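Q: Next up is a structure, given as structure tokens.
The values are calculated or read from the model by the stated rules, or taken from the named source; none is laboratory data. The model shown is predicted, which means the values in this text are computed figures rather than measured ones. Quick reminder, even Gly has a Cβ in these numbers, built from the backbone with ideal geometry, and neighbours come from all protein chains shown.
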Amino acid sequence: MGLILPQSGLSRRRLLQISGLSGMGVLMGGCGTSLFADRVGQTFEPLNQIVEEALLSQNPVPEFSSSAIEPDQLLINTFDMTPQLDPLQFLLTIDGEVGRPMQLSMTDIQAMPLTSMVIRHVCVEGWAAIVQWGGVRLQELIQLAQPKPGARYVYFKSADGYYESWDLASSVHPQTLMAYQKNGQPLPIENGAPLRLAAPIKLGYKQSKWVTQITLVNELLPTKGYWEDFGYEWFAGI
Ligand SMILES: Nc1nc2c(c(=O)[nH]1)N[C@H]1C(S)=C(S)[C@@H](COP(=O)(O)O)O[C@H]1N2
Ligand SMILES: [Mo]
């Protein structure tokens, strides 16, 4: 039985491989009271207090029905080039202020629980679209990597040179996804395949496409985000 995901493929053995750990008992510590542990039904490190507080303060945004999806309204908005990432070679790095830095393949990520949502994407350039995104909750990835107590912000690096930073609370919001599906189909390359941020709580420019690296940090760096560093608002909540 996979300890992490009983019905699907991310086994304890694979988790040890991806996290670079091999000793027995590494995952067996903790009191098992975290939300993550409860959800996946296993003993796991407790969440740090900051993540628990962030999770408790989250209110879900109302979603739309599938019939409300506006497939033609989601415009492609890419500042430069469209990177062609091979999904079979792709690895997502999670590092920084985490106890267990890791690299995950798309197979690893797609073995985790799939969350689907129909939300409105809002671009500051004056357009919006109701879109379905499917993917893994960023919350799950962050918890898997075991954030250190000081972790407060999350940086996202993209293959086209784009970069973003989010506060931890928004990052662990239940509707903040690392999406690999759009409108019920595999995510198209121009929309950020194989993996992009998607959330109804922040403006479009916060939602990085082609994300290759997620880095937890204690403090914001002087560079906060591609558009933010041209003067756009950093929090950019909707
Ligand atoms: N890597 C990367 N991510 C990005 C952008 C970009 O240029 N590069 N543009 C942002 C902006 S301004 C918007 S509105 C959305 C657009 O997403 P879409 O092209 O899938 O509609 O992506 C965001 N994420
Ligand atoms: Mo945008």
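Q: Which residue, of A145, A169, A199, is among the small types (G, A, S) and surrounded by fewer than 20 Cβ atoms within 10 Å (Cβ to Cβ)? Don't jump to the end; show me each part of the working.
A: Working: A145 fails: surrounded by fewer than 20 Cβ atoms within 10 Å (Cβ to Cβ); A199 fails: surrounded by fewer than 20 Cβ atoms within 10 Å (Cβ to Cβ).
Going through A145, A169, A199 in turn, the sole match is A169.
Q: Which of the following residues is polar (S, T, N, Q), farther than 22 Å from G96 by Cα and surrounded by fewer than 21 Cβ atoms within 10 Å (Cβ to Cβ): Q185, Q213, Q132? Walk me through it before giving the result.
A: On the way: Q213 fails: farther than 22 Å from G96 by Cα; Q132 fails: surrounded by fewer than 21 Cβ atoms within 10 Å (Cβ to Cβ).
Testing whether each residue is polar (S, T, N, Q), farther than 22 Å from G96 by Cα and surrounded by fewer than 21 Cβ atoms within 10 Å (Cβ to Cβ) leaves just Q185.
Q: Here's another thing I want to ask about it. If only one of V98, V61 is in contact (Cβ under 8 Å) with a residue 24 or more places away in the chain, surrounded by 13 or more Cβ atoms within 10 Å (Cβ to Cβ) and not assigned by TED's automatic domain parsing to the domain that holds Y163, which one is it?
A: Working: V98 fails: not assigned by TED's automatic domain parsing to the domain that holds Y163.
The match here is V61.
Q: For Q103, indicate whether it is assigned to a loop (DSSP other than H, G, I, E, B), away from ligand 1 (no atom under 16 Å from the Cβ) and modelled with pLDDT of 95 or more. Steps first, please.
A: Working: assigned to a loop (DSSP other than H, G, I, E, B): no; away from ligand 1 (no atom under 16 Å from the Cβ): yes; modelled with pLDDT of 95 or more: yes.
Spelling it out, it is not the case that Q103 is assigned to a loop (DSSP other than H, G, I, E, B), away from ligand 1 (no atom under 16 Å from the Cβ) and modelled with pLDDT of 95 or more.
Q: Inspect all residues belonging to the stretch 153-164 and state whether any of them is in contact with a Pro (Cβ under 8 Å, 6 or more places away or on another chain), near ligand 1 (Cβ under 9 Å from one of its atoms) and aromatic (F, W, Y).
A: no
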